[in-house]
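Following: one structure in structure tokens, then a few remarks.
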Amino acid sequence: RCQTMSMDECMAYAVEHAAEVGRQQYHLANAGWEYRSAVASLFPSVSASVAGAANFGRSIDPETNNYTTVSTIGNQYGVSGSMPLFVGMRQVNAVRLAKTGKLLGMHQVEIARVQAAAAAMDAYIEALYYKEMTAIAQKQVDDATALLQKTEKLYALGRKSAADVAEMKSQKANSDYMLAEQENKAQLAMIQLRNVMNYPQTMPLILVHDADAMPLTAEQIDADTLAAFAIEHNDRALAAKLQTRQSRIEYAMAKGGALPTLYLYGGYNTSYFTNIDNIAAYDSFWNQLKNNQGAYVQVGISIPLFSGLSRTADIARSRNSWNIARINEAETLKE
């Protein structure tokens, strides 16, 4: 199906269908899940377990804890949890890092949209230019053909020489060449336009141009005001600032890895068992669950002492990455 599009429509189509925009949108979705995961890591982790076992022959009697010959089946039930009390601010920084990554992803989507729209605009203008150049070349071919025909008739009447006819044929051949060249450039420009729009190459596309819809005047703004506005609002500038913030947070996380970590652990467990040969020899299921209850609370601390300089290297690398990000930010803002 043939479509007729203006420049704005080509730009809108490119923004909607560009592959890079789609990729960045999926990256943004992943960044959102990274943020949710980082926030969830602040809460305690809880797990439950259920196990079943059967013992035959010589084993421990669960009722008397004596080593005897008894055949039993039983179940164990447990709930355990752990919670970080102090991990060198790494979890808090992980939330900050994920939040920054989510904001960065939003700006990267907008950067991709702007780049797709700008590429479509450039390709549209080039395609329209060669379309008009082809029309001009066709007019030159028509003029050269008419002039050649006139010269040939004058030659037949004896009013023009053979040299004049040869010169007109040369001009006609040159016009044909120029037309072919402009037609090829127009076709290549349309291929490029379809490519940047992610528009099917086999689907016809007709370009329309509304000169009245393209204002040629703008409000006069001084350079300093324009640059200051760009630094505060341009997505590339904001993305560069966020990348610097990410690197600074990663540096703080690397330093936190050299600090001790403190965790709180807790759990609850109970069990049930019975004699295969004599079920009545043991208490009922519910009485055993009550009588076999157990619980524990534990606090653990881990102090890093030596890890083959890996933590020192991580701190140095993250500090260097932060410095690189600051240089990149300054360069972007300068642009």
Q. Out of 153, 139, 102, any idea which swings most in a Gaussian network model of the chain, alpha carbons joined below 10 Å?
A. 153
**Q.** Volume per residue of the C-alpha convex hull in the chain, rounded to whole Å³
**A.** 343
Q: List every residue whose amide H lies under 5 Å from the amide H of residue 292, counting only residues 5 or more places away in sequence or on a different chain, with H placed 1.01 Å from N in the peptide plane.
A: 271
Q.
If I model the range 265-312 as equal point scatterers sitting on the Cα atoms and use the Debye formula, what is log10 I(q)/I(0) at q = 0.29 Å⁻¹?
A. -1.02
**Q.** Restricting the range 28-79 to chymotrypsin sites (Phe, Trp or Tyr not before Pro) in coil, as DSSP defines it, with at most 16 other Cβ within 10 Å
**A.** 56
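For the range 105-173, what is the Kirkwood hydrodynamic radius in Å, using each pair of distinct C-alpha atoms? Mind showing how you got there, number by number?
Working: mean 1/r = 0.0642 Å⁻¹.
15.6 Å is the Kirkwood radius here.
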Q: Using +1 at the Cβ of each Lys and Arg and -1 at the Cβ of each Asp and Glu in the chain, identify which of 146, 29, 198 lies farthest towards the dipole's positive end.
A: 29
Q.
Can you tell me the mean projection area, over all orientations, of the convex hull of the range 115-236's alpha carbons? Units nm², please.
A. 12.7
Q: Report the semi-axes of the equivalent ellipsoid for the range 9-106 in whole Å, largest first, where each axis is √(5λ) for an eigenvalue λ of the Cα gyration tensor.
A: 55, 20, 8
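Mind ranking 290-298, 247-255 by how tightly packed they are, going by the mean number of other C-beta atoms within 10 angstrom, highest first? All intermediate terms of the calculation are to be shown ahead of the outcome.
Working: 290-298: 10.9, 247-255: 21.0.
The packing order, highest mean first, is 247-255, 290-298.
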Q) Where the accessible area of the chain is counted over protein heavy atoms with a 1.4 Å probe, how much of it, in %, is carbon and sulfur? A) 57
Q) Reachable aspartates and glutamates from residue 290, Cα under 16 Å, same-chain residues fewer than 8 places away excluded? A) 63
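Over 26 Å apart: what share of the alpha carbon pairs of the range 205-335 falls there, rounded to a whole percent? All intermediate terms of the calculation are to be shown ahead of the outcome.
Numbers: 5605 of 8515 pairs.
For the range 205-335, the share of Cα pairs beyond 26 Å comes to 66 percent.
Per-residue counts of other Cβ atoms within 10 Å, averaged by peptide: what ranking do you get for 179-186, 89-96, 162-169, highest first? Walk me through the numbers before you get to the answer.
Working: 179-186: 16.9, 89-96: 18.4, 162-169: 13.2.
Averaged packing, sorted descending, gives the order 89-96, 179-186, 162-169.
With r defined as the distance between the Cβ atoms of residue 49 and residue 326 and R0 fixed at 51 Å, what FRET efficiency is calculated, to the nearest 0.05?
Details: r = 49 Å, r/R0 = 0.96.
So the FRET efficiency works out to roughly 0.55.
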Q: State, to one decimal in nm, how far the label point of residue 121 lies from the label point of residue 231, with both points 7 Å from Cα in the Cβ direction.
A: 2.4
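The values are calculated or read from the model by the stated rules, or taken from the named source; none is laboratory data. Since the structure is predicted, the reported quantities are computational estimates derived from the model, not experimental observations. Glycine gets a Cβ as well: all are built from the backbone with ideal geometry, and neighbour counts include every protein chain shown. The area values use the complete protein model at the heavy-atom level, side chains included, leaving out ligands, DNA and RNA. Shrake-Rupley method; radii C 1.70, N 1.55, O 1.52, S 1.80 Å.
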